[in-house]
Structure formats: C-alpha cells, structure tokens
Amino acid sequence: MDRPVTAGRAYLMLVGLTALNPTTIVYFGALVLGRHASGGFGPVAGAVFVLAAFVASASWQLLLACGGSALGRVLNNPRGRLFTALAASALITVLAAQLIVSQ
C-alpha cells in the first residue's frame, strides 16, 4: 500500500507547480513591469512587494497542502469513498435534471 503524501511534500509540489505556471509568471511580470513603468516602485517598496507576494503565495500553498493532506486522510477509507461517490452521484443527478428541465 502506498504511503499518503505528507503535508511538507505536498507543499513543495505546489510550490514547484506554481513556479512553473506560465500564468503566474506572466501575471507577476506584468504587474511589476506596469508598476515600474509608471514610476510607482522605489527599491524599498519593490522589496516589500516581492516579500508580500511571496508570503501570500506561500501561505495559500501551505493552506492548500495541509488542507488537502488532512482531507485525504479523512476520505481515504471505505466510508469516505462511499461519501464522495454518493455526493458525486447526487451532483451529477442534479445537473442532469437541471439540463432536462431547462430544455
């Protein structure tokens, strides 16, 4: 049986995925270049922005990694799998009924 992914390893995987995400790179690049072009950043303000962006991103990734790890532990048993199967089936049924009614 495979061991569950630890919160630390999940966090590092999310950091890696975020670092390689082209959308994130383009977004922050455009934000920084736009502020630089308007003369809005001095060296201290730029350093504070970079640090704040890093802390915000790291805290969000930590929340996702720990939450996902905890949720995985709760749902990784027969009762959890039954619950997720029933919830998914109910959601699909509701969406199908809505599609039929809207026709």
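A few notes on this one:
- Candidates in segment 1-38 are the residues that are open to solvent by 60 Å² or more (accessible area, probe 1.4 Å) and not in a helix (DSSP H, G or I); of these, the one that is modelled with the lowest pLDDT is Met1.
- Here Gln98 fulfils each of the conditions (1) in contact with a helix residue (DSSP H, G or I) (Cβ under 8 Å, 6 or more places away or on another chain); (2) open to solvent by 50 Å² or more (accessible area, probe 1.4 Å) apart from (1).
- Filter result for the condition that a residue is in contact with a Phe, Trp or Tyr (Cβ under 7 Å, 6 or more places away or on another chain), within 15 Å of Ala7 (Cα to Cα) and in contact (Cβ under 8 Å) with a residue 12 or more places away in the chain, over Ala58, Ala53, Ala65: Ala65
- Within segment 49-91, being open to solvent by 60 Å² or more (accessible area, probe 1.4 Å), aliphatic (A, V, I, L, M) and at pLDDT below 80 holds for one residue alone: Val50.
The values are calculated or read from the model by the stated rules, or taken from the named source; none is laboratory data. Note that the structure is a prediction, hence the values are computed from the model and not measured. Neighbour counts are summed over all protein chains in view; Cβ atoms, including those assigned to glycine, are modelled from backbone coordinates with ideal geometry. For the accessible areas, the whole protein counts, side chains as well, though only heavy atoms, and no ligand, DNA or RNA atoms are used. Shrake-Rupley method; radii C 1.70, N 1.55, O 1.52, S 1.80 Å.
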